[in-house]
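Some notes on the structure that comes next.
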């Protein structure tokens, strides 16, 4: 199973998006959002777009796929998590609506950083990209809007995607038996992965439903994330929306 390719399919990155990212001093990316809106949107064809439904997907079309170009899905999420984590460790103030972002350039995590997906697997021993997919599936299910009919439609659409049998099996299993909040929290191997799982969950949804807000609060608690780190991750997500 190609975990990175599956994550890119999940968020809607297609081969036609494969262009070099804009760089700054060959060290980071700069745009309206730090990675071209990596947190803000989903390509219409992505599996997560199917989970969220047309209304929410339309609010996000294209931004996430544009943001992960050149990095790959997990690496892009890792770069955003790395920036939020750095700002938290440095004691920076979180950005507000009336203030500019603390840092407009996202730096790629240094070699060996646990924010790089290839550095360490999830706690279950599988590639960390799969943990991020499961986290986003669980978040998308938080408001309970995916009923049997919607699930059948999603299954039919997944069956038509260019995924191999193992990849489809993973997706079908995760969709048919959405992981619990505890399942997701247990996948984090260390605080860096915990921060990235929370950020991926937050980026997957617009938490405008009480159930989604409650889910994120409970997830942060189960991941043992400090409240001020959660504030930095939330600020990062808002900047990229």
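The largest-to-smallest principal axis extents of the Cα set in region 114-166 are 39, 29, 16 Å.
Sorted from longest to shortest, the spans of the Cα atoms of region 122-196 along the three principal axes equal 37, 29, 15 Å. Please give the Cα centre distance for region 105-138 versus region 148-162, rounded to the nearest Å. Comparing the Cα centres of region 105-138 and region 148-162, I get a distance of 26 Å. Across all directions, the average projected area of the convex hull around the alpha carbons of region 165-241 is 5.8 nm². The mean sequence distance of close C-alpha pairs (under 8 Å, at least 6 residues apart), as a share of the length of region 92-241, puts its relative contact order at 30 percent.
So, by mean Cβ neighbours within 10 angstrom, what's the order for 132-142, 176-186, 154-164 with the highest one leading? Don't skip to the answer; put the middle values down first.
Details: 132-142: 25.3, 176-186: 16.3, 154-164: 13.4.
Answer by packing, highest mean first, reads 132-142, 176-186, 154-164.
Only the coordinates and a few stated rules stand behind these numbers; no lab work does. All figures in this text were calculated on a predicted structure; none of them were measured in a lab. Note that we place each Cβ from the backbone using ideal geometry, even for glycine, and neighbour counts take in every protein chain shown.
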